[in-house]
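Participant: Dropping a structure here in structure tokens format, bear with me for questions.
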């Protein structure tokens, strides 16, 4: 997993930024985290990533790039955003899951991601 280069790059991934000559990945997952996030540290990211092995995975530290976090209308971390063919497909926001009374586990995140296979 590599760091998301910038908010401008994120906008290119969703087809809203300036066109680029370099090819962009067609299937992307952005993982939103922070160094101080306790829940983030409990996730087994290699296992989660193996759910979507064909996706390019980016990590966005919200303390380094808050703009993309806010742009994605996320309310908590850890969170995930899926992009396919420059289309914003969905987001998994822990706070929203809590409001829906969903049990939040690594398996819940994996189940959510599997819908994009």
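The values are calculated or read from the model by the stated rules, or taken from the named source; none is laboratory data. Since the model is a prediction, treat every value here as computed from it, not as a measurement. Cβ coordinates were reconstructed from backbone atoms using ideal geometry, including for glycine residues, and neighbour counts include every protein chain displayed.
Participant: From (1) at pLDDT 95 or above; (2) within 23 Å of residue 16 (Cα to Cα), pick out the condition that doesn't hold for residue 46.
Facilitator: Of the numbered conditions (1) at pLDDT 95 or above; (2) within 23 Å of residue 16 (Cα to Cα), the odd one out for residue 46 is (2).
Participant: Spot the failing condition for residue 113; the list is (1) buried (at least 16 other Cβ atoms within 10 Å of the Cβ); (2) modelled with pLDDT under 90, and only one is missed.
Facilitator: Result: residue 113 passes all but (2).
Participant: For segment 38-53, which positions are under 15 Å from residue 81 (Cα atoms) and part of a loop (DSSP other than H, G, I, E, B)?
Facilitator: Within segment 38-53, 51, 52 meet the criteria.
Participant: On to the next question. Look at residue 45 and say whether it is surrounded by 13 or more Cβ atoms within 10 Å (Cβ to Cβ) and out of contact with any helix residue (DSSP H, G or I) (no Cβ under 8 Å at 6 or more places or on another chain).
Facilitator: Here the answer is yes, as residue 45 does meet what is asked.
Participant: Among the residues of segment 61-89, write down those that are on the phi > 0 side of the Ramachandran plot and either surrounded by 14 or more Cβ atoms within 10 Å (Cβ to Cβ) or touching a residue at least 60 places away in the same chain (Cβ under 8 Å) (or both). Steps first, please.
Facilitator: Of all residues in segment 61-89, those on the phi > 0 side of the Ramachandran plot come to 73, 85-86.
Across segment 61-89, the qualifying residue is only 86.
Participant: With (1) surrounded by 13 or more Cβ atoms within 10 Å (Cβ to Cβ); (2) modelled with pLDDT of 95 or more; (3) in a loop (DSSP other than H, G, I, E, B) as the list, and residue 35 as the residue in question, which single condition is left unmet?
Facilitator: (1)
Participant: Tell me which of these residue 3 doesn't satisfy, since it passes every other one: (1) loosely packed, with under 12 Cβ neighbours inside 10 Å; (2) in contact with a strand residue (DSSP E or B) (Cβ under 6 Å, 6 or more places away or on another chain); (3) free of Cβ contacts under 8 Å to residues at least 24 places away in the same chain.
Facilitator: It fails just one condition, (3).
Participant: While we're looking at this one, here's another question. Look through segment 59-89, keep the residues that are in contact with a helix residue (DSSP H, G or I) (Cβ under 8 Å, 6 or more places away or on another chain) and assigned to a strand (DSSP E or B), and return whichever of them is nearest to residue 42 (Cα to Cα).
Facilitator: 79
Participant: Let me ask you something else. Please verify whether segment 8-22 includes one or more residues that are part of a strand (DSSP E or B), touching a strand residue (DSSP E or B) at 6+ places or on another chain (Cβ under 8 Å) and surrounded by 12 or more Cβ atoms within 10 Å (Cβ to Cβ).
Facilitator: For segment 8-22, residues part of a strand (DSSP E or B), touching a strand residue (DSSP E or B) at 6+ places or on another chain (Cβ under 8 Å) and surrounded by 12 or more Cβ atoms within 10 Å (Cβ to Cβ): absent.
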